[in-house]
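Report on the following structure.
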Amino acid sequence: MMTTIHNMNLQSIDLNLLVVLEALVEECNVTRAAKRIGLSQPAMSNALARLRRTFDDPLLVRTADGMVPTPAAQSLIIPVRHALTQLREALEEKAFFDPTATDRTFHLLTNDYAEIALVAPLLQTLRKNAGFIKLRIQRPRSVFEPPSTSSLADSFDLAMGFYPDALALDARLHSALLWEERNVCLVSAKHPTINGKLSLKQFAEAEHVALFYKPSGPGVVDTLLAQKGFTRKIAVQSPHFASLPFIVAGTDLIATVPERMARQFARQLKLQVLPVPLDLPAFRLTLLWHQRHHSDPAHRWLRSTMIETAVKLAKN
């Protein structure tokens, strides 16, 4: 099979079929693939049949879990995707994007922490250099799990969250690490027993306001405390980063939050920012986007502007 493919004359292949192959392998669904590249479903089915004849392989086979690529399709898609990406970039390099002359709306999937820490300063740049660009932000179901690949292809331009390493992501997704920061504890400046220092015993005995997206089960803090023989006393669970400092300011509760956000609220709300007496993993804020948007000039401009903004913020 591979010998046949390697020896195949490029002139004998309709190069439009390579775009079809990419869509089919990435979507694993004839209807979605057809919609993606602007073909009717019968035309896509016909193109799939031509691809199967061209490569003498079924390419996609139906299983209990839906359509899946064959080994031949999986081996083909890597060089095909690379070649198409290079071609798109070469063609789109000539497309000049003027951020001052567009009113495009970009759809972002992120949480209120990223809105406070990055989107707010980003908007200062956009208002100066691209005043007509609009952002529409929606909340994810989790800040620690990436959105579905299909949602990033069809519904959102970009997602920001505390996602796993890029190697653990779908191959169709691109990522950029915006910054990494440690966790800290927020405590009211008027706390009756905590003043400038926080021991593990005090941390375990205090009541907490905790960030929770999942409906049940322990968080990382709970797991690490349990390893040391303690149980976290959670008085309040909230899915909103921004509410935690305000809750802490008026109570004797403790919150564990990213340091960047803690510093922003500490002075105005009169809060103590203290080290967490546990070895917690760092927060890694990551930007995600789908291969479909990778070469789009406007999308590239927004991504680079976001990354430049993040770099500037990290230096301050």
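The values are calculated or read from the model by the stated rules, or taken from the named source; none is laboratory data. Here the structure is a predicted model, which means the values were calculated and not measured. When we count neighbours, we look across all protein chains shown, and the Cβ atoms used for this are built from the backbone with ideal geometry, even at glycine.
Structure values in brief
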| item | result |
| --- | --- |
| Filtered residue count, segment 101-138, keeping only those that are of a type outside the set (Asp, Glu) and surrounded by fewer than 14 Cβ atoms within 10 Å (Cβ to Cβ) | 12 |
| Extreme residue, farthest from Ser150 (Cα to Cα), among residues of segment 8-64 that are among the polar types (S, T, N, Q) and under 30 Å from the mean Cα position of the chain (by Cα) | Thr63 |
| Matching option when the condition is touching a residue at least 24 places away in the same chain (Cβ under 8 Å), under 30 Å from Phe132 (Cα atoms) and of a type in the set (Asp, Glu), among Asp112, Asp56, Asp98 | Asp112 |
| Counted residues, segment 242-264 - those being crowded, with 22+ Cβ neighbours inside 10 Å and among the hydrophobic types (A, V, I, L, M, F, W, C) | 8 |
| Those strands (runs of 3 or more DSSP E) lying entirely in segment 238-316 with at least 2 residues farther than 30 Å from Ala153 by Cα and either of a type outside the set (D, E, K, R) or without any contact (Cβ under 8 Å) to a residue 40 or more places away in the chain (or both) | 255-258, 271-275 |
| Qualifying residue in segment 128-144 (condition: among the small types (Gly, Ala, Ser), in contact (Cβ under 8 Å) with a residue 24 or more places away in the chain, touching a strand residue (DSSP E or B) at 6+ places or on another chain (Cβ under 8 Å) and over 17 Å from Leu313 (Cβ atoms)) | yes |
| Positions within segment 156-169 being assigned to a loop (DSSP other than H, G, I, E, B) and surrounded by 13 or more Cβ atoms within 10 Å (Cβ to Cβ), in sequence order | Phe156, Asp157, Phe162, Tyr163, Pro164, Leu169 |
| Count of residues meeting criterion [of a type in the set (Phe, Trp, Tyr) and either surrounded by 19 or more Cβ atoms within 10 Å (Cβ to Cβ) or more than 33 Å from the chain's Cα centre (by Cα) (or both)] in segment 170-223 | 1 |
| Any chance Phe162 is aromatic (Phe, Trp, Tyr) and without any contact (Cβ under 8 Å) to a residue 40 or more places away in the chain | no |
| Sole residue being surrounded by 14 or more Cβ atoms within 10 Å (Cβ to Cβ), free of Cβ contacts under 8 Å to residues at least 40 places away in the same chain, within 24 Å of Arg292 (Cα to Cα) and not assigned by TED's automatic domain parsing to the domain that holds Arg292, chosen from Ala47, Ala72 | Ala47 |
